Every structure is written in C-alpha cells, then in structure tokens.
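Engineer: I'd like to ask you about the structure that follows.
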Amino acid sequence: MRNDAQRRIETEEPVALWENDRVGAGMQRWRREFPEIDCSGKAVVGRLLHLHEVFLTAVNRTLAKHRLKYPAFAVLATLRVEGAPYRMSPKALLDSLILTSGGLSNLLRKLEKAGHIRRMADETDGRGVIVELTEAGRRLVEPAMRDHAETERRLLSALSPEEQSATARALGQMMLGAP
C-alpha cells in the first residue's frame, strides 16, 4: 500500500500535491459551502500562517540549545550584524524588528539583567539611549547565529535555489505592499 501511495505522489503534478494539503482541503470546503466567496487568498495566507508556526517552532528548538528564544535572539543578532561597536538606538532596533515598543523595552530589560546588552546615554543626544551588545552577549549570539542560519536553510531545502529566490522576491513584493 505504501508503494502505491508513493507512486501516486511521484506521478502527480506538483500543483496537485499542494492543492491537497491542509489549506487546499480547507479551500475546497469553503468553495463547496460558500461558492460566492472568493477564498483564493487562503492559498498564500493560510500557508504562510501555517508555516509561521512550523518555522517558529523549528527556530526556537534550535535557539533553545543556546538558552534563547527568537525575540531575544533577534535583538542580539541585529546588534551583532550592525558591526563594531555593536550599538543601536532603541528606535533603530524597533525599526529592524517585529516587536512593539513596550515589548522591546521589556526584552531589553531582561537582556540587560542577563548581561547580554547594556544601555547607556547617547552621547549625541542627552535624552537618548544607546543599546550595546556586551562581550557576553556576543559570545552567546554568534554560535546561535550559525545554528539559526543552518535551520533556515534546512527549512527551505524542499525548494530549489531558483524556487527559493522566486519565493523571496514574491514575499518581498508582498511586504512592500503590506500596511
């Protein structure tokens, strides 16, 4: 039986495979029950929402080896790739990340308490603050960055390099048009 199922999968057109996944099956039910509603957006949005959970779970599993979760990793990695002296204003960090200002403040407080960052007065603006990656933060995040990149490559391995590039372009276009 398994060989028959495998043979069917191998001979089906690629489009037919993804049309029968969880989202495709849900779309078929929508079309049956509400034929007047155009549910075509689910083909992309539903899959992105599903993959968000899959990807975040895999990323957090990888980062757990480094005692990190994605939001903290994102702050530390963003500071690290800024280049020496690994400093940014909270506003610049916020513009780079997908966090609320309150969420970032709480996260910075935790990272500072753990010794991974330090907050200091901005020398160019006496009212401002600068966030700096500490040496301890750098030692923590650099190996996590390598493992994280490997996890991302593994998550995308079902797509050819050309498909990855096309997907990146399409998602980039969507981001430009997002509110």
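Engineer: Pairs, please: C-beta under 8 Å, at least 6 apart or cross-chain, first residue under 17 Å from Gly137 (Cβ atoms) and in region 51-75, second of a type in the set (Asp, Glu)?
Structural biologist: Sorted first by the residue in region 51-75, then by its partner, the pairs are Leu63/Asp147; Lys65/Asp147; His66/Asp147.
Engineer: For Phe55, are the conditions met, namely being closer than 24 Å to Thr151 by Cβ, of a type outside the set (Asp, Glu) and modelled with pLDDT of 85 or more?
Structural biologist: The answer is yes for Phe55.
Engineer: Looking for whichever is among the small types (Gly, Ala, Ser) and modelled with pLDDT under 95 here; the options are Ala114, Ala77, Ala64, Ala121. Which one fits?
Structural biologist: Working: Ala114 fails: modelled with pLDDT under 95; Ala77 fails: modelled with pLDDT under 95; Ala64 fails: modelled with pLDDT under 95.
Of Ala114, Ala77, Ala64, Ala121, the one residue that is among the small types (Gly, Ala, Ser) and modelled with pLDDT under 95 is Ala121.
Engineer: So which residues in region 40-70 are surrounded by 13 or more Cβ atoms within 10 Å (Cβ to Cβ) and assigned to a loop (DSSP other than H, G, I, E, B), if there are any at all?
Structural biologist: Of everything in region 40-70, those that are surrounded by 13 or more Cβ atoms within 10 Å (Cβ to Cβ) and assigned to a loop (DSSP other than H, G, I, E, B) turn out to be His66, Leu68, Lys69.
Engineer: Still on this model: Hey, any hits in region 145-158 for a residue that's in a helix (DSSP H, G or I), of a type in the set (Ser, Thr, Tyr) and closer than 23 Å to Arg61 by Cα? Full working, then the answer.
Structural biologist: Just the residues of region 145-158 that are in a helix (DSSP H, G or I), to begin with: 145-155.
Subset that is of a type in the set (Ser, Thr, Tyr): 151.
From what's left, closer than 23 Å to Arg61 by Cα: 151.
Checking region 145-158: at least one residue is in a helix (DSSP H, G or I), of a type in the set (Ser, Thr, Tyr) and closer than 23 Å to Arg61 by Cα.
Engineer: From Ala136, Ala84, Ala77, which residue is closer than 25 Å to Thr57 by Cα and out of contact with any strand residue (DSSP E or B) (no Cβ under 7 Å at 6 or more places or on another chain)? It would help to see each step written out before you state the result.
Structural biologist: Details: Ala136 fails: closer than 25 Å to Thr57 by Cα; Ala84 fails: closer than 25 Å to Thr57 by Cα.
Exactly one residue qualifies, and that residue is Ala77.
Engineer: Give the residues of region 94-131 that are closer than 18 Å to Glu142 by Cα and part of a helix (DSSP H, G or I), sorted by residue number.
Structural biologist: Across region 94-131, the qualifying residues are Leu111, Glu112.
The values are calculated or read from the model by the stated rules, or taken from the named source; none is laboratory data. Since the model is a prediction, treat every value here as computed from it, not as a measurement. Cβ sites come from the backbone with ideal geometry, for glycine too, and all protein chains shown count toward neighbours.
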